[in-house]
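First comes the structure, then the notes that go with it.
The values are calculated or read from the model by the stated rules, or taken from the named source; none is laboratory data. As the structure is a prediction and not an experimental result, all values here were calculated from the model. Don't worry about glycine lacking a Cβ; one is built from the backbone with ideal geometry, like all the others, and counts go over all protein chains shown.
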Amino acid sequence: MWRRDDYESLFEQAPDGTLCGEATVFYLYDRDAQRRIRSLLPDARIIAVLRDPVERAHSNWAHLRGAGLEPEPDFLTALELEAGRVADGWAQFWHYAAAGRYGEQLDHLFTLFPRDQVLLLRYRELVDRPRETADRVCEFLGVDTGVITEVPRRNVRPDVSGRSFKPTDAERAAALPLFAQDTRRVEAWTGWDLEIWRG
């Protein structure tokens, strides 16, 4: 959906007074999207799920490889190519490292929204404790908790195959420096100990 009218039509069937929302992996990364949300919905409640940035980048690359959209068969080479691709106008889908620099993204988000309108979650919380995490989300949104009793383990399109969920140890070690400084910024915003993201 690229036009506002088309986007808003997605919510037409919702009964009056229903809380509506949707999700994308790009709103936190896209500063223009953040500004549009602020302009149109200044009271929006925002939930940001932050995944280990190396795992996120690798999953993003593997997803596009499986969909036939990433021509580079080597993850680390794709990371090396990123700056040139961005300069050449490649879309956000291929911004593997940049999209995982959450500290920079939060710096911008919190110039637009107060901290109490944003719930930050770790992806591992969603995976390891889905019901409890769903209850935290519901509480944040002001809706009943205990309603969500099951969360799917995977959400992958059926046409995507050959997906790998984790980088190798060597890939991880080579990619870590791309996120080291930014991870400290995330820790400053969240108070989380993210040693696991650095190792």
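Observations on the structure shown:
- Criterion violated by residue 6 - all others in (1) without any contact (Cβ under 8 Å) to a residue 24 or more places away in the chain; (2) part of a helix (DSSP H, G or I); (3) within 25 Å of residue 114 (Cβ to Cβ) satisfied: (3)
- Pairs with Cβ under 8 Å, 6+ apart, first in the stretch 161-176 and under 15 Å from residue 61 (Cβ atoms) and surrounded by 12 or more Cβ atoms within 10 Å (Cβ to Cβ), second modelled with pLDDT under 90 and hydrophobic (A, V, I, L, M, F, W, C): 163/156
- None of 83, 57, 78 is in a helix (DSSP H, G or I) and touching an Asp or Glu at 6+ places or on another chain (Cβ under 8 Å) except 78.
- Per-region count, the stretch 1-32, residues among the hydrophobic types (A, V, I, L, M, F, W, C) and at pLDDT 95 or above: 1
- From the list 26, 11, the one residue that fits, being surrounded by 10 or more Cβ atoms within 10 Å (Cβ to Cβ), out of contact with any strand residue (DSSP E or B) (no Cβ under 7 Å at 6 or more places or on another chain), in contact (Cβ under 8 Å) with a residue 24 or more places away in the chain and assigned to a loop (DSSP other than H, G, I, E, B), is 26.
- Residues within the stretch 93-105 that are within 12 Å of the chain's Cα centre (by Cα) and either in a helix (DSSP H, G or I) or exposed (fewer than 15 other Cβ atoms within 10 Å of the Cβ) (or both), tallied: 6
- For beta carbons closer than 6 Å, sequence separation of 6+ or different chains, a first residue in the stretch 62-87 that is within 18 Å of residue 174 (Cβ to Cβ) and a second that is part of a loop (DSSP other than H, G, I, E, B) and modelled with pLDDT under 95, the qualifying pairs are 62/163; 62/164.
- Taking the stretch 106-120 as the range and being surrounded by 15 or more Cβ atoms within 10 Å (Cβ to Cβ) and not in a helix (DSSP H, G or I) as the test, the residues that pass are 113, 118, 119, 120.
- Index of the failed condition, residue 43 passing every other in (1) assigned to a loop (DSSP other than H, G, I, E, B); (2) free of Cβ contacts under 8 Å to residues at least 12 places away in the same chain: (2)
- Between 56, 36, 45, the distinction of being over 30 Å from residue 170 (Cα atoms), surrounded by 14 or more Cβ atoms within 10 Å (Cβ to Cβ) and basic (Lys, Arg) belongs to 45 only.
- Scanning the stretch 59-69 for residues that are surrounded by 14 or more Cβ atoms within 10 Å (Cβ to Cβ) and not basic (Lys, Arg) yields 59, 60, 61, 62, 63, 64, 66, 67.
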